[in-house]
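Peer 1: My structure is below; once you've seen it, I'll send some questions.
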2 protein chains.
Amino acid sequence: MQIALAEAEAAAARAEVPVGAVLVRNGQILAIAGNRVEELSDPTAHAEILAIRAAAAERGGRLEGCDLYVTLEPCPMCAAAIALARIRRVYFGAYDPKGGGIDHGARVFDHPTCHHRPEIYGGLDERRSAALLRDFFRARR
Amino acid sequence: MQIALAEAEAAAARAEVPVGAVLVRNGQILAIAGNRVEELSDPTAHAEILAIRAAAAERGGRLEGCDLYVTLEPCPMCAAAIALARIRRVYFGAYDPKGGGIDHGARVFDHPTCHHRPEIYGGLDERRSAALLRDFFRARR
């Protein structure tokens with residue numbers, strides 16, 4: 001999670017919403033990514049999606065047995081991508097009542113049609129993740 | 001929708017789940033894409049995501065005023081990406097009770113936290129879209 005937080009800080013320095021993600025398997029890092037929505041002019045370029053795409057390209061598709069660390073509760077797009085990629089565990093930092101799609105809103109994993117539900121651990125290093133986001137948006141208001 | 005269906009057929013010919021998508025603005029085609037999950041080893045490479053990414057890269061980000069034609073009801077990942085991209089209207093072919101995320105499952109647009117809800121028109125040329133998928137999966141069983 002420390003590496004994900006560092007990626008979130010790097011995203012903030014690029015004027016991107018500060019979210020960072022790391023994909024791990026058997027203690028080995030497969031991918032590290034920060035949010036690049038602005039830089040890439042790509043509304044899908046959330047940290048989680050970039051990490052999943054990078055790791056999947058390297059591993060030939062799905063990510064069974066892989067665990068994702070991300071500084072913010074994934075949105076519904078990222079939650080559904082996590083299910084499609086068959087990620088084993090998701091550890092996330094700050095809860096996101098407005099944009100989250102796991103414990104809030106669409107609650108993507110809570111439907112019988114969801115083909116894969118990872119183990120979820122929310123609130124990891126929550127204060128630091130939340131402070132990063134709060135400071136970022138405060139500076140822009 | 002005819003172009004989207006042709007893209008879906010082309011996807012089937014590549015042994016990809018046959019889904020095609022077209023993004024349009026003011027009668028002009030911005031992007032055409034078929035599903036390339038297998039080819040790219042990318043679980044996020046659904047037709048809708050590829051079309052959104054291509055059009056957004058060209059237009060510098062969001063896709064306000066753009067309309068999406070897609071042969072199958074978008075999954076929750078694609079539905080949420082459609083909201084993030086601020087797409088105006090979605091015309092889709094076959095309803096997808098198992099994997100859909102608009103009229104089924106997570107119903108991504110039906111939550112107060114969804115920041116943008118496009119106009120939705122489902123069931124367009126539904127029979128042909130559904131037949132394509134049915135034939136594809138039947139041949140693989």
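The values are calculated or read from the model by the stated rules, or taken from the named source; none is laboratory data. The structure presented is a predicted model; accordingly, all values stated were derived computationally and were not measured. Cβ: placed from backbone, ideal geometry, glycine included. Neighbour counts: every protein chain shown.
Every residue, every condition in (1) under 25 Å from A:Thr113 (Cβ atoms); (2) buried (at least 20 other Cβ atoms within 10 Å of the Cβ); (3) away from every other protein chain (no Cβ under 14 Å), yes or no:
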residue	(1), (2), (3)
B:Ala8	yes, yes, yes
B:Glu39	no, no, no
B:Asp42	yes, yes, no
B:Ile49	yes, yes, no
B:Ala54	no, no, no
B:Cys75	yes, yes, no
B:Ile82	yes, yes, no
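Quick grid of which residues meet (1) more than 22 Å from A:Ala57 (Cβ to Cβ); (2) acidic (Asp, Glu); (3) touching a Pro at 6+ places or on another chain (Cβ under 7 Å); (4) in a helix (DSSP H, G or I):
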residue: B:Ile3; (1), (2), (3), (4): yes, no, no, yes
residue: B:Ala6; (1), (2), (3), (4): yes, no, no, yes
residue: B:Ala12; (1), (2), (3), (4): yes, no, yes, yes
residue: B:Glu16; (1), (2), (3), (4): no, yes, no, no
residue: B:Glu38; (1), (2), (3), (4): no, yes, no, yes
residue: B:Ala57; (1), (2), (3), (4): no, no, no, yes
residue: B:Leu68; (1), (2), (3), (4): yes, no, no, no
residue: B:Ala83; (1), (2), (3), (4): yes, no, no, yes
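Peer 1: In addition: What do you reckon, is A:His115 in contact with a Gly (Cβ under 7 Å, 6 or more places away or on another chain) and either surrounded by fewer than 22 Cβ atoms within 10 Å (Cβ to Cβ) or under 15 Å from A:Val24 (Cβ atoms) (or both)?
Peer 2: Working: in contact with a Gly (Cβ under 7 Å, 6 or more places away or on another chain): no; either surrounded by fewer than 22 Cβ atoms within 10 Å (Cβ to Cβ) or under 15 Å from A:Val24 (Cβ atoms) (or both): yes.
Spelling it out, it is not the case that A:His115 is in contact with a Gly (Cβ under 7 Å, 6 or more places away or on another chain) and either surrounded by fewer than 22 Cβ atoms within 10 Å (Cβ to Cβ) or under 15 Å from A:Val24 (Cβ atoms) (or both).
Peer 1: Same structure, new question: Would you mention how many residues in the range B:76-113 are touching a Cys at 6+ places or on another chain (Cβ under 7 Å) and among the charged types (D, E, K, R)?
Peer 2: 1
Peer 1: Moving on to the next point. Looking at (1) surrounded by fewer than 23 Cβ atoms within 10 Å (Cβ to Cβ); (2) more than 14 Å from chain A (Cβ to nearest Cβ), which is the only condition B:Gly20 fails?
Peer 2: For B:Gly20, the failing item is (1).
Peer 1: Here's another thing I want to ask about it. So which residues in the range A:72-88 are in contact with a helix residue (DSSP H, G or I) (Cβ under 8 Å, 6 or more places away or on another chain) and more than 12 Å from A:Leu23 (Cα to Cα)?
Peer 2: Here is the first cut: in the range A:72-88, the ones in contact with a helix residue (DSSP H, G or I) (Cβ under 8 Å, 6 or more places away or on another chain) are A:72, A:74-85, A:87.
Passing the criteria: A:Leu72, A:Pro74, A:Cys75, A:Pro76, A:Met77, A:Cys78, A:Ala79, A:Ala80, A:Ala81, A:Ala83, A:Leu84.
Peer 1: A:Arg138 fails exactly one of the following numbered conditions: (1) surrounded by fewer than 12 Cβ atoms within 10 Å (Cβ to Cβ); (2) in contact (Cβ under 8 Å) with a residue 24 or more places away in the chain. What is the number of that condition?
Peer 2: Evaluating A:Arg138 over (1) surrounded by fewer than 12 Cβ atoms within 10 Å (Cβ to Cβ); (2) in contact (Cβ under 8 Å) with a residue 24 or more places away in the chain leaves (2) as the failure.
Peer 1: Would you point out the residue of the range A:115-141, among those that are within 14 Å of another protein chain (Cβ to nearest Cβ) and at pLDDT 95 or above, that is nearest to B:Pro43 (Cα to Cα)?
Peer 2: A:His116
Peer 1: Look at A:Asp125 and say whether it is in contact with a helix residue (DSSP H, G or I) (Cβ under 9 Å, 6 or more places away or on another chain) and either of a type in the set (A, V, I, L, M, F, W, C) or more than 23 Å from B:Val37 (Cα to Cα) (or both).
Peer 2: Details: in contact with a helix residue (DSSP H, G or I) (Cβ under 9 Å, 6 or more places away or on another chain): yes; either of a type in the set (A, V, I, L, M, F, W, C) or more than 23 Å from B:Val37 (Cα to Cα) (or both): yes.
For A:Asp125, the condition - in contact with a helix residue (DSSP H, G or I) (Cβ under 9 Å, 6 or more places away or on another chain) and either of a type in the set (A, V, I, L, M, F, W, C) or more than 23 Å from B:Val37 (Cα to Cα) (or both) - is met.
Peer 1: Can you find even one residue in the range A:86-95 that is among the β-branched types (Val, Ile, Thr) and surrounded by fewer than 17 Cβ atoms within 10 Å (Cβ to Cβ)?
Peer 2: No, the range A:86-95 contains no residue that is among the β-branched types (Val, Ile, Thr) and surrounded by fewer than 17 Cβ atoms within 10 Å (Cβ to Cβ).
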